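Structure first, then comments.
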């Protein structure tokens, strides 16, 4: 009887240890609705980046949850909370020390957009300072403008969601001339070719090709990050990500099939 009791207590202790270990490695994955990279619906979160991240996490064996919030909320939480990661995060120098970088997801392009009816021509980034621009708060475009001498409230303004960003172009009282968007975002946001024709790309930002990454907070356990890095390297080498990217490329405007270390121009 004592042996049986000892055995039961031992099994319970092991179960508690294993449960605690699993809980400790429960990862909180944050993102936003950014179709076609992250497509948030009432039932699920999909998209090219989500498929790559799910393949990574499933291979890692870690327990995880994926939640979508407005970008500024996900971004700030992912900078500080323990065992918390984020995608799709554009990797730029200003962000380098703020996160533990796991791996490259995909690469795409970004441009200045205006209403088609407006006669706006931009030859370089400096030329854009003549116009009023709107971007998403804490998006890579927000940080990019600041690092290139644009002044918030003077020649650019920030918004919290992409729908409002496009609507600004059509509100005369706001006097917004340009927005900066990923080149696949317009086709994913608008509902028809007629609506899409209202907008035009006036300048491709070659200096801002979007290398989207998976990254974790500085408070994420290093052992977790190290394992995720190895898993992403393994799946990249095995061609798992290439299959996903190629499947999505057919429906995207400017998806660049290269990894984050190559020139995608």
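The values are calculated or read from the model by the stated rules, or taken from the named source; none is laboratory data. Everything numeric in this text was worked out from a predicted model, so none of it was measured. Cβ atoms come from the backbone with ideal geometry, glycine included; neighbour counts cover every protein chain shown.
One table, with the values for the structure above:
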read-out	value
Number of the exception - residue 100 against (1) in the same structural domain as residue 196 (by TED's automatic domain parsing); (2) touching a helix residue (DSSP H, G or I) at 6+ places or on another chain (Cβ under 6 Å)	(1)
Region 39-90: number of residues that are in a loop (DSSP other than H, G, I, E, B), in contact with a strand residue (DSSP E or B) (Cβ under 6 Å, 6 or more places away or on another chain) and surrounded by fewer than 18 Cβ atoms within 10 Å (Cβ to Cβ)	0
Test: residue in region 132-142 that is outside the structural domain of residue 39 (by TED's automatic domain parsing), surrounded by 19 or more Cβ atoms within 10 Å (Cβ to Cβ), at pLDDT below 90 and assigned to a helix (DSSP H, G or I)	yes
Residue satisfying all of: in region 143-164; in a helix (DSSP H, G or I) and modelled with pLDDT of 90 or more; surrounded by the fewest Cβ atoms within 10 Å (Cβ to Cβ) among these	147
Pick from region 91-103, criterion farther than 21 Å from residue 54 by Cβ and either assigned to a loop (DSSP other than H, G, I, E, B) or under 14 Å from the mean Cα position of the chain (by Cα) (or both), ranking: modelled with the lowest pLDDT	92
Residue list for region 114-131, filter: surrounded by fewer than 16 Cβ atoms within 10 Å (Cβ to Cβ) and touching a strand residue (DSSP E or B) at 6+ places or on another chain (Cβ under 6 Å)	116
Complete set of residues in region 92-101 that are closer than 21 Å to residue 182 by Cβ and crowded, with 17+ Cβ neighbours inside 10 Å	95, 99, 101
Helices (runs of 4 or more DSSP H) completely within region 165-265 that count 2 or more residues being closer than 21 Å to residue 30 by Cα and modelled with pLDDT of 90 or more	222-237, 240-249
